[in-house]
Amino acid sequence: MAKEKTLSGKEMLEEKKKFNVFDMIGGIFKPILIVIIGAGVLQALRDILLQIGAISRVSSSYIFLDGLGNAVFYFLPIFLAISSANVFGATPFLAAAVAAFLLYPNITNLFSWANSVGWDLTLFGKIPITYVKYESSVLPIILIVFFQSKIEPLLKKTIPDLLRSILFPVLTLFITCLAGIIILGPIGTWVGDGLAFVITWLNTRVPWLVPTLVGAASPFLVITGSHYSLFPVATQNLAQLGYDTVLMPGMMASNIALAGASFAVAVRAKQKSYKSYCASSGITSFFGISQSSLYGIAIPLQKPLIASVIGGGLAGFYAGITGIRAQSFVTPGLLSLVGYSTPTSNLINAVICIAIAFVATFVLTLIMGFQEPSKETVRELTGEPISESEKQEILDKAEELEATARKTEEALGDAAMETTRATITRGATRIGEATGLVSASETESEEENGKAKEATEQKGEDA
Amino acid sequence: MKRACVLLLILVCLFGLSACSKKNVDKVFTSFVPPKTGTVNEDIQVDETNHITIVSTNTITPNPDKPDEKILIVTYDWKNGSEKQKVTHGSFLLTAKQDGVTLKPNLKHVDDKFKLVTPIQGGETLHDIQQGFELLSDNEVTLSIKGSMQVVFEDGVPKGSYPVEVPVTVN
């Protein structure tokens with residue numbers, strides 16, 4: 001087996017500098033993708049049963065099935081808080097507590113009520129609080145936990161040891177929650193509101209450009225939660241015009257593009273479990289639930305993300321120039337085709353749009369290639385247990401490391417003993433000289449001691 | 001471990017089977033079922049405890065330079081039929097739609113917006129609460145009043161609750 005290159009301290013620092021936003025998002029989502037994919041499949045199942053008429057939207061079966069699929073996405077900020085805390089080095093359960101605060105029913109109901117009746121919410125009667133939909137949100141909690149990771153060391157430094165166990169969690173929660181709802185949480189909403197304004201303006205002047213932009217930029221809109229700001233535009237279009245051209249066609253193109261990227265990665269991947277993971281992510285993306293494709297494949301591997309942006313953009317462009325109209329608000333995926341059924345030309349164009357998104361992204365991903373994640377990463381993604389041979393390999397490595405550590409320890413121990421002995425002898429000689437108990441001739445041994453010390457130091461360094 | 005799992009599985013199956021067995025007397029779940037629609041000046045019970053009466057609606061033009069910008073002011077009474085002190089928040093929600101589009105709320109031109117957060121005792125009625133909505137056109141507006149129930153039982157079958165709709169004309 002080839003010996004692996006060991007990085008020096010400087011090289012390690014350089015490697016650390018290469019850590020970018022994609023790695024960060026990938027790192028945050030990696031541990032929770034297994035839950036997202038499970039919930040995504042359940043949502044797809046719910047939609048299929050609804051479409052074929054097996055369940056009704058007001059039935060209790062629908063409520064249960066909907067809850068089963070939606071709960072993970074509704075409480076996504078809690079899952080994200082724990083994984084973000086692990087990435088940023090904050091306390092995971094304090095981060096989860098902050099997320100739980102944002103999703104606490106009384107808080108969400110208050111936000112929802114204030115937004116519905118036009119009440120301006122304030123804190124202590126002075127500080128204005130912006131309405132934010134924290135359910136299923138991504139960016140707010142990542143920003144908040146990042147802030148928490150910066151606050152915690154400061155608090156640890158300033159709080160006296162005696163009071164730390166009480167004051168540390170109290171202050172961390174208080175400061176982080178306040179900063180979260182006042183400044184950090186609303187950032188995504190502010191961005192989204194600006195975006196909604198620009199998109200509405202563009203839609204009146206260059207309508208074909210809007211689906212192109214949405215098709216290309218949907219992955220980023222989803223990450224920042226800005227797509228929620230476009231929902232009112234789409235609902236208004238559906239209500240007033242009877243169709244939407246702003247959000248639904250572009251998002252459908254983007255989701256199908258992500259499905260294309262996932263299947264391309266599944267085709268090219270070498271590890272069986274990763275192939276299966278990518279294929280299942282591709283299937284859920286076909287049904288419009290693209291989180292596992294986006295966070296588990298496109299973002300960490302980067303090139304599939306570029307491919308899906310291009311593929312989604314191309315399909316969105318086609319949707320723009322042909323003026324595809326979505327006539328209902330359905331999760332944008334294959335099942336949403338029922339919302340494009342009239343006239344037939346609209347349906348045909350929607351099918352062509354889907355085909356462009358899928359084929360273009362699939363081919364581009366194959367051409368651009370990607371670096372397959374390591375076995376460990378795949379295991380983390382799929383939740384696959386370690387095989388016996390891999391377990392043995394890890395044990396062998398551990399034994400090897402232990403043996404090396406023991407040797408180093410022994411060498412260091414010997415060196416330290418000799419250094420100590422030399423220092424004591426030298427000190428004793430000096431004291432003897434100072435008190436006149438030892439003659440100068442006897443200090444010759446000091447030189448020997450000095451040499452011995454040098455030798456031991458050298459030995460220590462070698463070790 | 002395996003034994004425990006098998007035992008648990010058997011128990012789950014037994015419980016499942018027992019649920020399928022027919023009992024002599026089936027328990028029928030019931031709840032208050034709100035009406036689908038209501039009218040102005042009607043006492044509308046929106047859930048088990050809350051009653052709303054839409055007293056009046058009027059349209060204002062706050063800015064004379066912009067005659068197209070109109071606001072619908074809805075005045076209503078709320079009776080808290082429960083035994084507890086409550087505020088409007090959490091008891092019911094009044095929203096409005098015009099041409100299928102949810103209207104943007106506006107509290108700038110109502111008489112006393114603090115009535116929305118004034119607590120009242122159980123059995124009391126809070127009169128002349130006002131809420132404003134920014135109109136999109138002169139077409140009819142549908143007010144939606146949703147009570148605090150999440151699920152209603154219709155003939156013993158649980159269903160998602162729904163708002164009571166009150167059509168009002170824009171004058």
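So the values come out like this:
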read-out	value
Residue match in segment A:122-135 (condition: more than 28 Å from B:Val117 (Cα to Cα) and surrounded by 12 or more Cβ atoms within 10 Å (Cβ to Cβ))	no
Hits in segment B:125-137 - residues which are in contact (Cβ under 8 Å) with a residue 40 or more places away in the chain and farther than 21 Å from B:Lys113 by Cβ	none
Filter result for B:Asn80 (more than 14 Å from chain A (Cβ to nearest Cβ) and either modelled with pLDDT under 90 or under 16 Å from A:Trp119 (Cβ atoms) (or both))	no
Top-ranked residue of segment A:218-245 - restricted to ones that are over 21 Å from A:Ile289 (Cβ atoms) and outside any helix (DSSP H, G or I), ranked as farthest from the other protein chains (Cβ to nearest Cβ)	A:Thr245
Of all residues making up segment B:139-154, the number that are surrounded by 13 or more Cβ atoms within 10 Å (Cβ to Cβ), touching a strand residue (DSSP E or B) at 6+ places or on another chain (Cβ under 9 Å) and more than 9 Å from every other protein chain (Cβ to nearest Cβ)	10
Test: residue in segment A:248-270 that is within 14 Å of chain B (Cβ to nearest Cβ) and either crowded, with 23+ Cβ neighbours inside 10 Å or of a type outside the set (A, V, I, L, M) (or both)	no
Verdict on A:Ala54 being out of contact with any Cys (no Cβ under 9 Å at 6 or more places or on another chain), among the aliphatic types (A, V, I, L, M), modelled with pLDDT of 75 or more and part of a loop (DSSP other than H, G, I, E, B)	yes
Flag for B:Lys23 being out of contact with any Cys (no Cβ under 9 Å at 6 or more places or on another chain), at pLDDT 90 or above, on the phi < 0 side of the Ramachandran plot and surrounded by fewer than 12 Cβ atoms within 10 Å (Cβ to Cβ)	no
Segment A:172-196 residues that are closer than 15 Å to A:Ser149 by Cα and not assigned by TED's automatic domain parsing to the domain that holds A:Tyr131, paired with ones that are of a type in the set (Lys, Arg) and buried (at least 16 other Cβ atoms within 10 Å of the Cβ) (beta carbon under 6 Å, 6 or more apart)	none
Leading residue by the ranking (surrounded by the fewest Cβ atoms within 10 Å (Cβ to Cβ)) among those in segment A:203-244 that are farther than 24 Å from B:Leu135 by Cα and over 28 Å from the mean Cα position of the chain (by Cα)	A:Arg205
Leading residue by the ranking (surrounded by the most Cβ atoms within 10 Å (Cβ to Cβ)) among those in segment B:27-47 that are in contact with a Gly (Cβ under 9 Å, 6 or more places away or on another chain) and either within 13 Å of B:Ser144 (Cβ to Cβ) or among the β-branched types (Val, Ile, Thr) (or both)	B:Val46
Residues satisfying the stated conditions in segment A:370-425, i.e. part of a loop (DSSP other than H, G, I, E, B) and of a type outside the set (S, T, N, Q)	A:Phe370, A:Glu372, A:Pro373, A:Gly383, A:Glu384, A:Pro385, A:Ile386
Matching residues, segment A:333-363, being exposed (fewer than 15 other Cβ atoms within 10 Å of the Cβ) and either part of a helix (DSSP H, G or I) or modelled with pLDDT of 90 or more (or both)	A:Val338, A:Thr344, A:Ser345, A:Ile348, A:Val351, A:Ala355, A:Val363
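The values are calculated or read from the model by the stated rules, or taken from the named source; none is laboratory data. Owing to the predicted nature of the structure, the values given are computational and were not obtained by experimental measurement. Neighbour counts are summed over all protein chains in view; Cβ atoms, including those assigned to glycine, are modelled from backbone coordinates with ideal geometry.
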